[in-house]
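Okay, so here's the structure we're looking at.
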Amino acid sequence: MSTHVLHPGSGSGTRRHHVTLDEHLPLDRRLSKVYRTGAGLMGLVLLAFGVLGLIDKVGFFDTGGDTVAGLNTNGALSVLSICVGLLLFAGMLIGGNFASTLNMTLGVLFILSGFVNLALLDTGLNFLAFRIQNVLFSFAVGLLLMFFGMYGRVSGSLPHDNPYWRARHAPDTSS
């Protein structure tokens with residue numbers, strides 16, 4: 001009984017629309033530019049941070065006070081930053097729904113990483129040499145990536161020519 005309240009239309013003969021975005025459908029180029037730009041900018045920042053960290057020849061798991069651009073770093077964090085930066089560049093090159101989903105996923109992972117590393121700050125498990133500025137940077141990058149990934153995709157007032165609005169409001173052709 002309570003499922004009728006949670007899922008309107010269940011049991012009443014109407015079908016719920018599930019949003020599926022097919023990759024072969026034409027994509028709104030304006031949105032793809034936002035996804036690509038976000039992935040490219042964040043990838044460039046992370047790649048620069050990682051390369052500058054490796055240039056300093058810091059130990060791989062060194063937890064000393066080595067800084068790059070005001071952020072603490074070590075070899076492991078530099079390599080990880082380069083890998084994520086390259087992944088974001090791949091998302092920029094592919095574009096479309098892939099870039100959007102990649103931005104959102106990595107944004108959530110950056111925020112989770114910020115919370116995990118915040119808990120590990122003054123412990124022996126802080127292998128990435130995080131300090132509070134790194135945690136704040138992780139939160140900022142996560143929020144920016146989520147913004148770039150969700151732009152034009154998640155909103156209460158999407159315009160009717162938006163491909164995501166059209167996918168959610170497609171006419172029911174099953175009847």
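Figure legend. Inter-residue proximity from segment 29-44: first residues crowded, with 23+ Cβ neighbours inside 10 Å, second residues hydroxyl-bearing (S, T, Y) and not in a helix (DSSP H, G or I), beta-carbon distance below 8 Å, spacing 6+ or different chains. Indicated pairs: Y35/Y151; G38/Y151.
Going through segment 137-155 one residue at a time, which ones are among the polar types (S, T, N, Q) and modelled with pLDDT of 80 or more? Don't jump to the end; show me each part of the working.
Going residue by residue through segment 137-155, those that are among the polar types (S, T, N, Q) are 138, 155.
Across segment 137-155, the qualifying residue is only S138.
One residue alone among L121, L87, L125 is touching a helix residue (DSSP H, G or I) at 6+ places or on another chain (Cβ under 8 Å), assigned to a loop (DSSP other than H, G, I, E, B) and of a type outside the set (D, E), and that residue is L121. Set side by side, the residues F110, F130 differ, and just one is of a type in the set (A, V, I, L, M, F, W, C) and either modelled with pLDDT of 85 or more or in a helix (DSSP H, G or I) (or both), which is F110. Can you pull out the residues in segment 64-84 that are under 21 Å from the mean Cα position of the chain (by Cα) and not aliphatic (A, V, I, L, M)? The answer is S78, S81, C83.
Scanning segment 87-107 for residues that are closer than 19 Å to G142 by Cβ and β-branched (V, I, T) gives T101, T105.
Here L102 fulfils each of the conditions (1) within 23 Å of L54 (Cα to Cα); (2) of a type in the set (A, V, I, L, M, F, W, C); (3) crowded, with 19+ Cβ neighbours inside 10 Å; (4) at pLDDT 90 or above apart from (1).
Output the residues belonging to segment 120-156 that are open to solvent by 80 Å² or more (accessible area, probe 1.4 Å) and more than 16 Å from G40 (Cβ to Cβ). Selection gives D122, L125, F127, R131, I132, L136, L143, V154, G156. With respect to (1) more than 18 Å from the chain's Cα centre (by Cα); (2) part of a helix (DSSP H, G or I), the lone exception for K57 is condition (2).
The values are calculated or read from the model by the stated rules, or taken from the named source; none is laboratory data. From a predicted model like this one, the values you see are computed outputs, not experimental measurements. Here the Cβ is made from the backbone with ideal geometry for all residues, glycine too, and neighbour counts use every protein chain on show. These accessible areas exclude ligands, DNA and RNA; they are computed on the full protein's heavy atoms, side chains included. Shrake-Rupley method; radii C 1.70, N 1.55, O 1.52, S 1.80 Å.
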